[in-house]
């Protein structure tokens, strides 16, 4: 699917309030991201997750240009030794449209019960 087809699909769905772009690594394709973000409905919120550091993003002209099109960028390397995936990340609340309280680290667990099987998923303490 080309970027413009994706834009049309997003813009035609009135149930969508925003988009989240995550990886792999989305900033490996900055030109496509710019095209996507520049053409989707301006009222949609836009969140970007990246494993690049802010310094790496700013040092690259195209990657840094992507930041002009998002409301929130959550950037930095994933560190499996931290208790929560958001710890060690930088939150760039670019437009202020996103409430950062919803991203505060918390323990979240879901249980799925299917007949005699219970599956525990989410982020939980060991």
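Points worth noting:
- For the stretch 1-25, the set of residues classified as assigned to a helix (DSSP H, G or I) and without any contact (Cβ under 8 Å) to a residue 24 or more places away in the chain consists of 5, 8, 9, listed by residue number.
- Single residue of 62, 36, 28 found to be without any contact (Cβ under 8 Å) to a residue 24 or more places away in the chain, under 25 Å from residue 1 (Cα atoms) and more than 14 Å from the chain's Cα centre (by Cα): 28
- Qualifying strands (runs of 3 or more DSSP E) (wholly inside the stretch 65-114; at least 2 residues being in contact with a helix residue (DSSP H, G or I) (Cβ under 7 Å, 6 or more places away or on another chain)): 72-75, 90-93
- Residues being loosely packed, with under 10 Cβ neighbours inside 10 Å, out of contact with any strand residue (DSSP E or B) (no Cβ under 7 Å at 6 or more places or on another chain) and touching a residue at least 24 places away in the same chain (Cβ under 8 Å) are represented in the stretch 109-125 by at least one member.
- Matching residues, the stretch 24-39, being surrounded by fewer than 19 Cβ atoms within 10 Å (Cβ to Cβ) and touching a helix residue (DSSP H, G or I) at 6+ places or on another chain (Cβ under 7 Å): 30, 31, 32, 34, 35, 38, 39
- Within the stretch 45-76, the set of residues being surrounded by fewer than 16 Cβ atoms within 10 Å (Cβ to Cβ) and either within 29 Å of residue 14 (Cα to Cα) or at pLDDT below 95 (or both) comprises 45, 68.
- Pairs where the first residue, in the stretch 70-84, is within 16 Å of residue 23 (Cβ to Cβ) and the second is surrounded by 13 or more Cβ atoms within 10 Å (Cβ to Cβ) and at pLDDT below 90, C-beta under 9 Å, 6+ apart: 72/103; 74/86; 74/103; 78/85; 79/85
The values are calculated or read from the model by the stated rules, or taken from the named source; none is laboratory data. In this text the structure is predicted, and so the values were computed from the model without any measurement. Note that each Cβ is placed from the backbone with ideal geometry, even for glycine, and that neighbours are counted across all protein chains shown.
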